[in-house]
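Down below is the structure, laid out as structure tokens.
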Amino acid sequence: MQSPDAAMLKETFVYNPCDGTFVRKKTGRVVGTVNSHGYSLILFKGSMQSAHRLAWLYMNGEWPAAEVDHINGQRSDNRWVNLRAATPGQNRQNMGRSSKNTSGHPNVYWRRDRKKWQVQMHLNNRNHFGGRFDKFEDAIHAAKMMKAAMHKFNPEHRT
């Protein structure tokens, strides 16, 4: 099956860059459904397509070279100001905390064997050690500073 192009997309839908919605031209209805991972999907030319990638196609006239990142981390927020091109590594910099994280803060976890809070970050297929701390607040601060220094694409700290 051939990938849809921008002309096909614009014949079928109108994309509103202010609110990130797609409206089917024939019916005037907003389209899309949110999947279990939080991404908005749209049935287009017989297959489900990610709305953020369709928004990229609609606005730029071509498919994104790699990935499209949701700047605010909200996977269903497809407003144009919330989308940017990203490499897979850059996109991972914008992830929130893991579901396995029990501390409530990304890159901070309790080392039971050392009885300390540890800061660790994964970047470029390597784990980077950020220190061990007696105080949880000190570990959070260290994690924020480490993220700002290492994640130039997305230095903000989101939980």
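To the nearest 10 degrees, how steeply does helix 136-150 sit against the main Cα axis of the chain, on a 0 to 90 scale?
50
I'd like the orientation of helix 51-60 relative to the chain: the angle between its Cα long axis and the longest Cα principal axis, in ° from 0 to 90, rounded to 10.
Here the helix axis deviates by roughly 70 degrees.
For R111 paired with K10, estimate the spin-label separation in nm (one decimal), with each label point 7 Å from Cα along the Cα-to-Cβ line.
Computed distance between label sites R111 and K10 equals 5.7 nm.
With the crude spin-label approximation of a point 7 Å out along Cα→Cβ, what separation in nm comes out for R126 versus W80?
About 4.0 nm separates the two model spin labels.
What net charge do the residues around N60 carry, taking every other residue with its C-beta under 13 Å from that of N60, with Lys and Arg at +1 and Asp and Glu at -1?
+1
Relative contact order for region 6-86: what percent, with Cα pairs under 8 Å and sequence separation of 6 or more?
Details: 127 pairs, mean separation 22.4, N = 81.
Dividing the mean separation by the residue count of region 6-86 yields 28 percent.
Throughout, read-outs are computed from the coordinates displayed, never taken from laboratory work. Since we're looking at a predicted model, the values are computed, not measured. Cβ atoms come from the backbone with ideal geometry, glycine included; neighbour counts cover every protein chain shown.
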